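Below is the structure I would like to discuss, written out as C-alpha cells.
The values are calculated or read from the model by the stated rules, or taken from the named source; none is laboratory data. Just so it is clear, the model here is predicted, and its values are computed rather than measured. Counting neighbours? That spans all protein chains shown, and the Cβs are built from the backbone with ideal geometry, glycine included.
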Amino acid sequence: MKTGDRIRRRPGEATYERIYALVRQIPAGYVASYGQIAALVGRCTPRMVGYALAALPADSDVPWQRVINAQGKISPRADSQGTARQRQLLEAEGIRFDAQNRVNWRQVRWPGPELDWLLANGFSPEPAWTPENAKS
C-alpha cells in the first residue's frame, strides 16, 4: 500500500469491532445488557450495540444471544424466530427466565472483562457502567 492510500471502512466499523470483541468475552451462563456493552465500548449507545449484533452473519463466533435489554428480557425482533432462538440458546447455557420472561440479574449479570484484557485491547479500565448504577 502506498503512502496516502486508505482502507475504506463503513461508518461505525471500528465501533462494531469493539462491540464484537467485548461480547466475545461474555462466558456461557452470563448475560450483559446493551447499555453495559455500550458503556464499556465508549462513545456508543445501547441501540448501536443492537444494530451491531443484528448485523452479524449467521455463522459468527460472537455470542450475540448473551446481550439482553436492561429489564432482563430478550428484546423483541421483527423476526420472532430470532427471539425464540435467543431464548433457546440462553436456556441451553443454563440461563433461566421467570414468569415475566426476565433473568435474575443478581445471578447471571456478567461482571465485565478482566482488567488485563481491557488494557490490552484499548478499553478504559473505568467504564461509565457499573452494576451499582445500572437499571435492572
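Go through 87, 43 for me and flag whichever is more than 13 Å from the chain's Cα centre (by Cα) and buried (at least 16 other Cβ atoms within 10 Å of the Cβ).
Result of the check over 87, 43: 87.
Further, regarding this structure: If you go through the range 70-87 one residue at a time, do you hit one that is among the β-branched types (Val, Ile, Thr) and farther than 20 Å from residue 16 by Cα?
yes
Further, regarding this structure: Determine which single condition residue 37 fails, assuming it passes every other condition in (1) of a type in the set (Val, Ile, Thr); (2) in contact (Cβ under 8 Å) with a residue 60 or more places away in the chain; (3) under 21 Å from residue 13 (Cα atoms).
(2)
Among the residues of the range 29-49, are any assigned to a loop (DSSP other than H, G, I, E, B), at pLDDT 95 or above, of a type outside the set (A, V, I, L, M) and closer than 18 Å to residue 95 by Cβ?
Yes.
Take residue 37 and tell me if it is surrounded by 19 or more Cβ atoms within 10 Å (Cβ to Cβ), touching a Lys or Arg at 6+ places or on another chain (Cβ under 7 Å) and of a type in the set (A, V, I, L, M).
The answer is no for residue 37.
How many residues are closer than 16 Å to residue 104 by Cα and either acidic (Asp, Glu) or in contact with a His (Cβ under 6 Å, 6 or more places away or on another chain) (or both) if we restrict to the range 59-93?
Looking only at that region, the number is 2.
Can you spot a residue in the range 99-114 that is among the hydrophobic types (A, V, I, L, M, F, W, C), out of contact with any strand residue (DSSP E or B) (no Cβ under 6 Å at 6 or more places or on another chain) and within 15 Å of residue 40 (Cβ to Cβ)?
no
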